1. Among 95-105, 121-131, what's the highest-first ranking by average C-beta atoms within 10 angstrom per residue?
2. Which peptide among 152-162, 78-88 comes first, and what is the full order, when sorted by highest mean count of other Cβ atoms within 10 Å?
3. Between H159 and N84, what is 0.36 nm times their sequence separation minus the Cα-Cα distance? Round to one decimal in nm.
4. In nm², what is the average projected area of the convex hull enclosing the Cα atoms of region 41-135?
5. Apply 1/(1 + (r/R0)^6) to the Cβ-Cβ distance of M127 and K166, taking R0 = 41 Å, and write down the FRET efficiency to the nearest 0.05.
6. So how many Lys-Lys pairs in region 41-135 land under 30 Å Cα to Cα, not counting same-chain pairs under 8 apart?
7. Could you calculate the FRET efficiency of T44 with K118 from 1/(1 + (r/R0)^6), where r is the beta carbon distance between them and R0 is 30 Å, rounded to 0.05?
Amino acid sequence: MTLPTNQRLEELFDLPESEDETHSTDPAESGNNIKTNLSVMPETLAALDKIEAALPAVRGLEASDQEMDDLAGKAQESFDDLMNLGMQVDSRYASEIFGVASTMLGHAITAKTAKMNKKLKMIDLQMKKLKLDRDSADPDAAAPTASGHVLDRNELLRHLLSRDNKETPNS
């Protein structure tokens, strides 16, 4: 006797056994699930709106961002000037000039990286604050969940084939 595909996968991945009663094909039950999910969606959308409203606050630190951009720009200009100078001087002095030019380029990269890291840290802090606010506001509230309809492969194939047979006219 061969096991259905789902049972073999459960054994392979050492998953708990699924309950066949929960996988109903009754359209009335799936309609109830959809209505339940639709009632949860406004709550979820409201939570997403709160997160999006919090994220633009990262832009409040524009002065520091502008300073980092200025420093990176100056370092890039110095790199270009030193590269041009290194090409025009004697070869025994050029290596030292090229070394300083690469240091200037490193400073430009460091300034840009520091700017990005600062923004990422601010976003991370805002997300942590939002999570803390949400958890402290209503600790008993469960996270919104969704439900779905599970079909095994054979049932899905039967459904698709029956649909194709209805669409093709008999000749």
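Only the coordinates and a few stated rules stand behind these numbers; no lab work does. Everything quoted here is computed from the prediction, not taken from an experiment. Here the Cβ positions follow ideal geometry from the backbone for every residue, glycine too, while neighbour counts run over all protein chains shown.
1. 95-105, 121-131
2. Put in order of decreasing packing, that is 78-88, 152-162.
3. 19.9 nm
4. Result: 8.0 nm².
5. Efficiency at R0 = 41 Å is approximately 0.25.
6. 28
7. Computed FRET efficiency for T44 and K118 comes out at 0.50.
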